[in-house]
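Worksheet: the structure to be examined is printed underneath.
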Amino acid sequence: MSNQAPNHARVIPLRPPAERPATARPAGRPPTPGESLREPLWRDLVGDVLRRERRSQGRTLRDVADTARISMPYLSEVERGRKEASSEVLAAAARALGLSLGDLLARAQGELVRLTARTSHPRRTTTTTSSLDGLCLAA
């Protein structure tokens, strides 16, 4: 028997664990009062469309991944907005769901318009002027 204390390694992370940004909320959920109103990420929108279509067809992730010839874990990551998929992967996933790539992207674009219309900030009007309008300082 040894008198030495057990050797426990202490791991100090270099940065805090990554969190999904406030923009990564599910597409249908409105922002909460303290949540940022930034535009959603494209990969989140596309992933939401893929997942919604797959579920509406009553298909499993494995079934769609096999049909599209994409690994199931990768398709899951794409659906959750964790991976930025290539156009080839998106086209294969869309075809497996009976959609064209154009259909998939049009649906994602529709979601983007719908979400940003609710959270868009009013554009600055030019009726009010300031002595600083158009002034740019550089150091």
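Any read-out appearing in this document is the output of simple, stated calculations on the displayed coordinates, not a laboratory observation. No experiment lies behind these values; they were computed from the predicted model shown. Reconstructed Cβ throughout: ideal geometry from the backbone, glycine too, with neighbour counts over all protein chains shown.
At R0 = 35 Å, how high is the FRET efficiency between ARG95 and TRP42 if r is their beta carbon distance? Nearest 0.05 is fine. After rounding, the FRET efficiency stands at 0.95. On the basis of the beta-carbon distance and an R0 of 35 Å, ARG80 and ALA117 show a calculated FRET efficiency of 0.90. Straightening the chain between ARG59 and MET72 buys 3.4 nm, computed as 0.36 nm per residue apart minus the Cα-Cα spacing.
The stretch 97-116 and the stretch 47-74 have Cα centres separated by 16 Å.
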